[in-house]
1. Those residues that are under 22 Å from the mean Cα position of the chain (by Cα) and at pLDDT 90 or above, I need them from the range 96-117; list them, please.
2. What number of residues within the range 93-115 are touching a residue at least 12 places away in the same chain (Cβ under 8 Å) and at positive phi?
3. Looking at 203, 169, can you tell me which residue is touching a residue at least 12 places away in the same chain (Cβ under 8 Å) and assigned by TED's automatic domain parsing to the domain that holds residue 83?
4. Looking at the range 175-211, which of its residues are part of a loop (DSSP other than H, G, I, E, B) and closer than 29 Å to residue 35 by Cβ?
5. Is it true that some residue in the range 207-227 is out of contact with any strand residue (DSSP E or B) (no Cβ under 6 Å at 6 or more places or on another chain), in contact (Cβ under 8 Å) with a residue 24 or more places away in the chain and surrounded by 12 or more Cβ atoms within 10 Å (Cβ to Cβ)?
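The values are calculated or read from the model by the stated rules, or taken from the named source; none is laboratory data. All values reported here derive from a predicted model rather than from experimental measurement. Here Cβ is always computed from backbone atoms with ideal geometry, including for glycine, and neighbour counts include all displayed protein chains.
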């Protein structure tokens, strides 16, 4: 049975890789789907596909939600560039004997802006807004004590003024715990779905099919047809291992290789040090081998350093609160900070 699932997953991976190879750089819509979630993952350089043991696994690798052990909810917020806010909420429920289910909501929002035209550069008195939204539902199950698989279906929407674009997508993830010192191998394919196309009344106009003729109808209602663009397909494969694991100290290292369909491939590195299951310190290097966002980062044009910390507090035997923080340097762009609050309960 496991062999059949491996064959299925590998087939999907090769299919995704083939589709990625046919795409061009910077030609995808719904870019907000590429904004990674979770300060913990961000602080570890986004090397998280094989770690994936909290509610943010719904983004990184849905197979990982079977490893949480608790019911969990998480709320993440980050102030993105240019006054843009990125928010992510997730919930995971364990169903003994069945598997684990989860749901998440991703929102990218900004304040209203004035409508300006060539003739009215100071504004027309109108205002408009733009925003993105993704709503998803997931299911994951342990097929053996070492191998799990998960699926996520999501609805995607982008909107600006009176125009919008909608699409559906599928994520697939697997997680396998090896017998080599508990090392885990994770893999995920994210955002496998149809193209998106903006439509709406802002594309309408009145058309004169023959401007040289007289007496014809020169006010025919028409619509401009916008082009369809693919959504960002991402293939991730990673390794994670606890190099130290005792009741007082746990040190986890992780490595991810990432293959998107609109930028060059890159590698993420990360480490997490947890003392007494209370205080966590994290660090990593993100986008090694991809200079798109590196700019003048401390490690040059092929990666940027990440840092963060977290606190786990057991309120009682059945309830735990976690607060995580991350700091990321985007070089020529602004530095960003992220914070999340999570509750785990039985």
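1. Here is the first cut: in the range 96-117, the ones under 22 Å from the mean Cα position of the chain (by Cα) are 100-110.
If the condition is that a residue be under 22 Å from the mean Cα position of the chain (by Cα) and at pLDDT 90 or above, then 100, 101, 102, 103, 104, 105, 106, 107, 108, 109 are the ones that fit.
2. First pass over the range 93-115, keeping only residues touching a residue at least 12 places away in the same chain (Cβ under 8 Å): 93-94, 98-115.
Next cut, at positive phi only: 99.
Going through the range 93-115 one residue at a time, the tally reaches 1.
3. Working: 203 fails: assigned by TED's automatic domain parsing to the domain that holds residue 83.
Just one listed residue meets the conditions, 169.
4. We begin by selecting, within the range 175-211, every residue part of a loop (DSSP other than H, G, I, E, B); these are 178-183, 193-195, 197-198, 208-211.
Passing the criteria: 183, 193, 194, 195, 197, 198.
5. Of the residues in the range 207-227, the ones out of contact with any strand residue (DSSP E or B) (no Cβ under 6 Å at 6 or more places or on another chain) are 208-218, 221, 224-227.
Filter once more, so that each one left must be in contact (Cβ under 8 Å) with a residue 24 or more places away in the chain: 226-227.
Filter again for surrounded by 12 or more Cβ atoms within 10 Å (Cβ to Cβ), leaving 226.
Checked the range 207-227: at least one residue is out of contact with any strand residue (DSSP E or B) (no Cβ under 6 Å at 6 or more places or on another chain), in contact (Cβ under 8 Å) with a residue 24 or more places away in the chain and surrounded by 12 or more Cβ atoms within 10 Å (Cβ to Cβ).
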